[in-house]
Amino acid sequence: MSFSTFGNDLYSGKRSVPVVPQRRRFYLVSLVVLAIAVGGLLFKGLNLGLEFRGGSEFRVAATSAPADYEAKAREAVRSSGEGNSANITKLGTGTIRIQTERLSDEASAKVKAALVQTFGVQDKDVSATFIGPSWGTTVSQKALQALVIFLLLVALVMALYFRTWKMAAAALVALGHDMVITVGVYALTGFEVSPATMIGFLTVLGYSIYDTVVVFDKVRENTAEAFANGRSTYAQAANLAVNQTMVRSINTTVVGALPILAVLIVGIVWLGPGVLLDLSLVLFIGLVVGAYSSIFIATPILVSLRRRDPAVVDLEKRAKRSQAARAKVAARTGGTGSDSSDESSPTAPSEPAAGVDGEATAYRPSGAEGVDGASTVTGRAVHKWVQAGQTGQTGPRNQPKRTPKSRR
């Protein structure tokens, strides 16, 4: 079975992924992952970049970095007598970056001279820069302000658009889920947090809320239909909405993640640490986590928040009565008809029977019930002149008969 067929079956209700009925399992999975992420933040912490903690940075623009560049750079810093620790990385194919704690001008000159001598380059090929922590502090404050404003606007807009604060609350819980897990991945893996990471982090939150809004819009459509006809419960209508948007969410995530993954691989293999790598890394992690939360977390939380609403409780009673009545009809008719699929997907659209104007045209064989008892499967009486076996009419009504081949 192809992926497109699977998606069509999910949309029509022929197949169903029990996201809402088994929501406690997804809650448990998320709680375990959240606990691991919080543990990483508490016991390991984030690897903040030089822009946030402050310090000195040296760059050696060599034509090609030697294989043991890290050991040589560390030995050069140690031999100068300045800097107890150094973070050494390779940028691209030749440039070597050395980051240390804050050094005085005299100490920076000693480290620079040691690097020139160790790598055999000219003095102009080694640059020394001091970065103060105040710049990183300003970036952090602005990012937190942007995050708070973003969350407030999201809550306000969603509450007005969907006309219920519970959808806004469910969306914010899903956003918090994405934030904690993404930050926890950085803490556990030791990836460096740079200003580009903060920008990518805010971008990911925008994608996550967009995907959640698409799912919630379908939930609102299905639940409104359920309240109108009383054929399904709120949970069943919401689960069908998740199934109908699942393939779309997966496709969007894959299409968005593939180019980001390509940039990430290029950054790791060829370019090394930098803005491109930091931005692509947080985007890739956030896209995957955001897709998971929009499918398996946001809607189940919404159902949990609304399950005690009087309107939802009344709908559940109506739906159970409707489904019980349809089950009795299906049992009397031998399980045939469109009602046979109502239990698995009560809101799934039924396919019309083949025939003229969507009406079933299968006739009972002549003689089965006599002339007077002939009828269609819809129960309508059939005229004796047009009973099966007594007419050559095989196409639509009121159409001329085709001339037999023997007389053409």
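Can you work out the FRET efficiency for the pair Leu34 and Glu70, with r the C-beta to C-beta distance and R0 = 30 Å, to the nearest 0.05?
Working: r = 35 Å, r/R0 = 1.18.
After rounding to 0.05, the efficiency reads 0.25.
Arrange the peptides 120-130, 97-107, 233-243, 257-267 so that the one whose residues have, on average, the most other Cβ atoms within 10 Å appears first. Could you put the intermediate results ahead of the total?
Working: 120-130: 12.8, 97-107: 16.5, 233-243: 25.6, 257-267: 14.9.
The peptides rank, most packed first, as 233-243, 97-107, 257-267, 120-130.
How big is the charge dipole of the stretch 55-131 about its Cα centre, in debye rounded to the nearest 20, if each Lys and Arg gets +1 on its Cβ and each Asp and Glu gets -1 on its Cβ? Intermediate values should be presented prior to the final figure.
On the way: 10 positive and 10 negative charges, 27 e Å.
Dipole of the stretch 55-131, to the nearest 20 debye: 140 debye.
Where does the stretch 55-131 land on Rg/Rh, using Cα atoms and the Kirkwood Rh? Intermediate results must be reported in sequence, preceding the final value.
On the way: Rg = 10.9 Å, Rh = 11.9 Å.
My calculation puts Rg/Rh at 0.91.
If I stretch the segment between Arg163 and Ser104 completely, what's the gain in nm (0.36 nm per residue apart, minus their alpha carbon distance), one decimal? Mind showing how you got there, number by number?
Numbers: separation 59, 0.36 × 59 = 21.24 nm, distance 5.95 nm.
Separation in residues times 0.36 nm, less the Cα-Cα distance, equals 15.3 nm.
Say each of Val139 and Arg78 gets a label point 7 Å from the Cα, pointing the same way as Cα to Cβ; how far apart are those two points in nm?
The two pseudo-label positions are separated by 3.0 nm.
Bear in mind these aren't lab numbers, they're just calculated from the coordinates by the rules spelled out. These numbers were taken from a predicted model, which means no experiment stands behind them. Quick reminder, even Gly has a Cβ in these numbers, built from the backbone with ideal geometry, and neighbours come from all protein chains shown.
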